[in-house]
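Heads up, the thing below is written out as structure tokens.
The values are calculated or read from the model by the stated rules, or taken from the named source; none is laboratory data. All values derive from a computational prediction rather than experimental measurement. Here the Cβ positions follow ideal geometry from the backbone for every residue, glycine too, while neighbour counts run over all protein chains shown. Quick note on the areas: whole protein, heavy atoms, side chains included, nothing else; ligands and nucleic acids left out. Shrake-Rupley method; radii C 1.70, N 1.55, O 1.52, S 1.80 Å.
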Amino acid sequence: METTVFSHYSVLKKEVIESLAIRPDGIYVDCTAGGGGHSFEIASSLNENGRLIAIDRDDDAIRAAGKRLTPFADRVTMVKSNFTEVAAVLKNLGIDSIDGALIDLGVSSYQLDTAERGFSYMQDAPLDMRMDRQQTLTAYDVINGYSEAELKKILFTYGEEKFAPKIASAIVRQRDIKPIESTIELSELIKNALPAKAKVGGHHPAKRSFQAIRIEVNGELSAIEPTLRDLVSVLKPGGRLAVITFHSLEDRITKQTFASLCGACTCPPDFPVCVCGKKSIVRLPFKSLAPSETELEENPRSRSARLRVAEKL
């Protein structure tokens, strides 16, 4: 089978590079290298004394990014790992502090467009959805193994799907007859479970559910806050952490984590001295940035993207 070329439109690329305020001799981490688009721009901004650690858990991404970053082999270290392990990755490399980091929480165009990966509700494939194909849990396991209550919770919480009870019930009824094995089979089942009014205009009926299942398979949301805190802890003063989110759940977690790190003393104003010990750790250079109209014309998939940045004090 011919494999699709790994491609990923680097969302908000100009804004990311400007926001990181790259120091040519600094140390930077791209926690989700993907096809290497953002990494390439970061490496291009470094001199021979600078260093970029490019991390991804997808073997295809590691190969693609490594090839793309060949011109900067003297300043780039490729690491196959989950971004949740960034603290361990840096420790293993003997790095105590960094000048900046980027996390792009989106799914690559390659993963969406390569049918065999099972991310798309538009192409038929086995139910997979693993970003790291060496992990064991797949979408098949979630759909055919989770209880109806668990499915309902996942669809509602991660997909913000208001028809989660109907969809979960339909999944359980169908799998009692025979296992649900393919993306199109699941997509059609979801579509048929929704009332007619929910299928008129707007997003594909299965979009929210597929998002929810993908998040569950890859453990995407639970890792965001601890990873952001790990990265901020190793940032040098003035160093910046940039985060690209693609849906409200990711963005809310990022926003709340940054707000917490910005928090100053919470003692009552009549206390003579501070007893809480809280101090602001970061500042926010701006609230958030969205893609430009030009970018949206080039890549409509970036419409929901948001960039948030925190600078270490």
Inter-site label distance for Glu181 and Asn92 at 7 Å from Cα along Cβ, in nm: 3.7
Per residue, how many Å² of accessible area does segment 213-257 show with a 1.4 Å probe? 33
May I ask you to order 174-181, 134-141 by the average number of other C-beta atoms within 10 Å around their residues, highest value first? 134-141, 174-181
Given a 1.4 Å probe, the accessible area of segment 1-91 per residue, as a whole number of Å², is 45
Which value, in debye to the nearest 20, gives the size of the charge dipole of the chain about its Cα centre, when Lys and Arg are +1 and Asp and Glu are -1 at the Cβ? 820
Listed peptides 250-262, 282-294, 20-32 by packing density, highest first (mean Cβ within 10 Å): 20-32, 250-262, 282-294
Degrees between helix 148-159 axis and first principal axis of the chain (Cα, 0 to 90, nearest 10): 50
Most mobile of Gly100, Gly34, Gly159 in a GNM of the chain (Cα contacts under 10 Å): Gly159
For Val309, Val273, Val76, the accessible-area ranking with a 1.4 Å probe, largest leading, is Val273, Val76, Val309
Of Lys255/Lys287; Lys14/Lys80; Lys287/Lys312; Lys153/Lys287, pairs whose Cα-Cα distance is over 21 Å: Lys14/Lys80; Lys153/Lys287
Dipole-positive endmost among Ser45, Pro126, Thr138 within segment 29-149 (Cβ charges, Cα centre): Ser45
Over the Cα atoms of the chain, what Rg and Dmax result, in angstrom? 21.0, 71
Phe210, Phe271, Phe40, reordered so the largest accessible area comes first (probe 1.4 Å): Phe271, Phe40, Phe210
How large is Rg/Rh for segment 84-224, to two decimals, with Cα atoms and a Kirkwood Rh? 1.05
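Could you check how much of the accessible area of the chain is carbon and sulfur, as a whole percent, using a 1.4 Å probe? Working shown, then result.
Numbers: 7720 of 14900 Å².
Ligands and nucleic acids excluded, carbon and sulfur give 52 percent.
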Cleavage-rule hits (GluC sites (Glu not before Pro)) in segment 28-95: DSSP loop, at most 13 neighbouring Cβ within 10 angstrom: Glu48
Which FRET efficiency, nearest 0.05, do Val275 and Glu225 yield, Cβ-Cβ r, R0 30 Å? 0.75
Taking only Cα atoms, what is the 0 to 90° angle, nearest 10, from helix 248-262's long axis to the longest principal axis of the chain? 20
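Rounded to two decimals, what is Rg over Rh for segment 123-180 when you use alpha-carbon atoms and the Kirkwood radius? Before the final figure, lay out the partial values.
Numbers: Rg = 11.9 Å, Rh = 12.1 Å.
Answer for segment 123-180: 0.98.
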